[in-house]
Amino acid sequence: MTTTYPARAQSDVRTDVSMTVNGSPRTLRVEPRTTLLDALRDELGLTGPKKSCDRGECGACTVHVEGRRILSCMTLAAMHDGHRITTIEGLEGDGDLHPLQEMFIEHDGFQWGFCTSGQIMSAAAMIEEARAGWPSAATVDVAEPFTIADLSKAEIRERMSGNLCRCSCYPNIVAAIAEVAGRR
Amino acid sequence: MHQFTLSRPADISAAIAAHAHDAHVAFIAGGTDLIGLMKDRATFPERLLDLNRLPDMSYIDAPSGCGLRIGALARMSDVAAHFEVRSRFPVIAESLLFAASGQLRNMATIDGNIMQRTRCAYFRDEDDLPCNKRRPGSGCSARFGLNRNHAIFGWSDDCVATHPSDLAVALTALDANVLVHSPAGQRSIPFAKFQRLPGDGPERDNVLDRGDLIVAIEVPSRSEGRASHYFKLRDRQTYEFALVSAAAAITADGERIGSARIAMGGVAHKPWRLTAAETALRGVSLDDTEALKAAIAASFTEARPLEHNFFKVELAQRVALRALETAGARL
């Protein structure tokens with residue numbers, strides 16, 4: 001059985017959204033239904049965030065909003081007026097790779113690479129979450145304080161579980177992140 | 001997705017007024033459930049009200065010696081990371097940490113978490129199979145279909161879905177309250193009365209009406225809070241909805257259980273409180289596994305498994321036992 005969309009108004013419902021994307025102010029005119037992912041890719045040409053499942057299940061679209069990792073496929077661009085957005089394109093500084101990018105290369109943390117930008121964006125923010133003392137489902141006792149020294153490989157695996165890798169490079173991804181987080 | 005408009009209400013009053021008399025209006029906050037439902041063509045709101053800029057809705061108040069009050073727009077990750085929540089109500093922090101992924105927890109709100117809709121595959125199916133939640137009166141595909149993930153308590157022939165929220169299970173065990181604003185004023189709804197059983201109206205997940213907006217969750221001070229645990233069993237270890245889960249919270253009376261609170265997820269259309277078991281657990285020693293099992297079994301005489309989920313009856317009792325014993329280790 002096929003579903004037909006309900007009748008809807010034909011009027012222009014587009015809206016202006018101003019965001020700081022990778023340090024630069026950008027203003028876009030988007031339909032309210034445009035996801036942040038589609039706006040970044042199709043309006044701004046930032047194809048680092050990947051459109052894979054488009055349902056919040058794989059993590060390939062991970063970007064930072066106000067420094068926090070989120071899934072850009074599950075939020076509307078128009079909800080982010082005034083926000084600071086960082087994509088993988090904004091992670092490196094002055095041509096120098098981010099330490100996570102270097103370690104993904106060093107540890108062979110990818111094969112065909114479609115998940116890689118999401119993995120790296122997720123890991124960069126995840127390390128900050130751990131530094132801020134956030135526990136996870138792998139934490140032995142959430143009632144006790146958590147420090148970055150507690151970020152074991154089991155912790156990394158749990159905290160990175162929102163990023164799927166079809167090539168199953170997980171051991172190398174975890175090794176790369178562990179090295180950047182200061183633990184092997 | 002279909003076309004819709006998006007606007008930002010200036011305050012709570014404007015939000016509830018716009019929602020009260022217009023069936024085509026929906027609230028959006030984190031968006032992690034609603035956007036998925038719209039992509040799956042399960043809902044077609046024409047006008048979205050973006051709640052994210054409403055002031056003073058993201059707080060977490062945990063004054064010492066009192067309970068908790070959590071603003072509706074607080075993000076799952078912030079609540080789970082809050083040290084007072086973790087130390088005084090570990091069951092709440094754990095229920096959040098065992099849900100979704102790091103990215104989703106940064107987006108999703110407390111309000112949206114308890115409002116999220118069932119993960120029943122027939123309800124979510126883009127091909128629009130019969131589902132009384134999706135299209136009232138169309139029938140229930142799961143009742144005689146694939147129902148391994150479905151309810152063993154409280155279902156009706158019109159709907160056998162389960163509620164997917166982990167947090168709601170913890171809040172049910174702790175008898176939390178949902179604070180709601182509406183055009184008629186403010187009211188407080190005990191969690192046990194907040195979500196509905198399906199009956200003959202499964203399209204309604206809870207008791208909220210048009211114009212109702214959740215503004216906060218209140219958790220009363222509970223002596224059981226500290227010795228509490230959320231145990232979640234899934235088909236994979238992480239980033240998955242519960243097959244069966246349990247929230248347990250207890251106090252001790254010497255070497256024995258003084259009081260126990262247990263609610264279960266993955267077994268009914270709402271978090272399922274094990275009332276009979278709670279009564280039977282009073283005075284039982286935590287070291288007496290057989291007595292604990294017998295007390296828990298008191299709540300399973302009314303279980304009605306479906307064709308594919310008979311295993312949940314035994315599994316749920318083991319999950320309840322594990323949650324209880326782990327909570328007991330925190331005494």
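The values are calculated or read from the model by the stated rules, or taken from the named source; none is laboratory data. For clarity, every value in this text was computed on a predicted model and none was experimentally measured. Reconstructed Cβ throughout: ideal geometry from the backbone, glycine too, with neighbour counts over all protein chains shown.
Figures for the structure shown
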| item | result |
| --- | --- |
| Residue count for region B:77-118, restricted to those that are outside any helix (DSSP H, G or I) and without any contact (Cβ under 8 Å) to a residue 40 or more places away in the chain | 1 |
| Residue count, region A:53-64 (criterion: more than 8 Å from chain B (Cβ to nearest Cβ) and either crowded, with 19+ Cβ neighbours inside 10 Å or within 14 Å of A:A39 (Cα to Cα) (or both)) | 5 |
| Residue list for region B:132-145, filter: surrounded by fewer than 17 Cβ atoms within 10 Å (Cβ to Cβ) and either in contact with a Leu (Cβ under 7 Å, 6 or more places away or on another chain) or charged (D, E, K, R) (or both) | B:R135 |
| Region A:167-184 - residue that is within 17 Å of A:M121 (Cα to Cα) and assigned to a loop (DSSP other than H, G, I, E, B) and, of those, nearest to the other protein chains (Cβ to nearest Cβ) | A:A181 |
| Residue within region B:77-90 that is crowded, with 24+ Cβ neighbours inside 10 Å, within 14 Å of chain A (Cβ to nearest Cβ) and in contact with a Phe, Trp or Tyr (Cβ under 7 Å, 6 or more places away or on another chain) present | no |
| Those residues of region B:5-43 which are within 23 Å of B:P136 (Cα to Cα) and either more than 14 Å from chain A (Cβ to nearest Cβ) or assigned to a loop (DSSP other than H, G, I, E, B) (or both), in sequence order | B:H19, B:A20, B:H21, B:D22, B:A23, B:H24, B:D33, B:D40, B:R41, B:A42, B:T43 |
| Members of region B:299-331 found to be under 18 Å from B:A249 (Cα atoms) and in a loop (DSSP other than H, G, I, E, B), listed by number | B:S299, B:A329, B:R330, B:L331 |
| Check on A:A137, closer than 19 Å to B:S101 by Cα and in a loop (DSSP other than H, G, I, E, B) | yes |
| Qualifying residues in region B:289-331 (those that are more than 23 Å from the chain's Cα centre (by Cα) and among the β-branched types (V, I, T)) - the one surrounded by the fewest Cβ atoms within 10 Å (Cβ to Cβ) | B:T301 |
| Selection from region A:112-154 of residues that are within 18 Å of the chain's Cα centre (by Cα), more than 11 Å from every other protein chain (Cβ to nearest Cβ), buried (at least 22 other Cβ atoms within 10 Å of the Cβ) and not hydroxyl-bearing (S, T, Y) | A:C115, A:Q119, A:I120, A:A124 |
| Residues that are in contact with a strand residue (DSSP E or B) (Cβ under 6 Å, 6 or more places away or on another chain) and of a type in the set (A, V, I, L, M), drawn from region B:204-239 | B:L213, B:I214, B:V215, B:A216, B:I217, B:V219, B:A227, B:L233 |
| The lone exception for B:A74 - which of (1) crowded, with 17+ Cβ neighbours inside 10 Å; (2) facing chain A (nearest Cβ under 9 Å); (3) without any contact (Cβ under 8 Å) to a residue 40 or more places away in the chain it fails | (2) |
| Region A:65-80 residues that are more than 7 Å from chain B (Cβ to nearest Cβ) and assigned to a strand (DSSP E or B), paired with ones that are surrounded by fewer than 24 Cβ atoms within 10 Å (Cβ to Cβ) and at pLDDT 95 or above (beta carbon under 8 Å, 6 or more apart) | A:V65/A:H80; A:V65/A:H83; A:V65/A:R84 |
| Top-ranked residue in region A:71-113 [being in contact with a Cys (Cβ under 9 Å, 6 or more places away or on another chain) and in the same structural domain as A:R33 (by TED's automatic domain parsing); ranked as nearest to B:F27 (Cα to Cα)] | A:M74 |
| Subset of region B:44-61 (residues that are part of a loop (DSSP other than H, G, I, E, B), within 8 Å of chain A (Cβ to nearest Cβ) and of a type outside the set (A, V, I, L, M, F, W, C)) | B:E46, B:N52 |
| Answer residue from region B:52-71, given it is at pLDDT 95 or above and of a type in the set (A, V, I, L, M) and is surrounded by the fewest Cβ atoms within 10 Å (Cβ to Cβ) among those | B:I60 |
| Within region B:146-260, strands (runs of 3 or more DSSP E) holding 2 or more residues that are surrounded by fewer than 16 Cβ atoms within 10 Å (Cβ to Cβ) | B:185-190, B:244-253 |
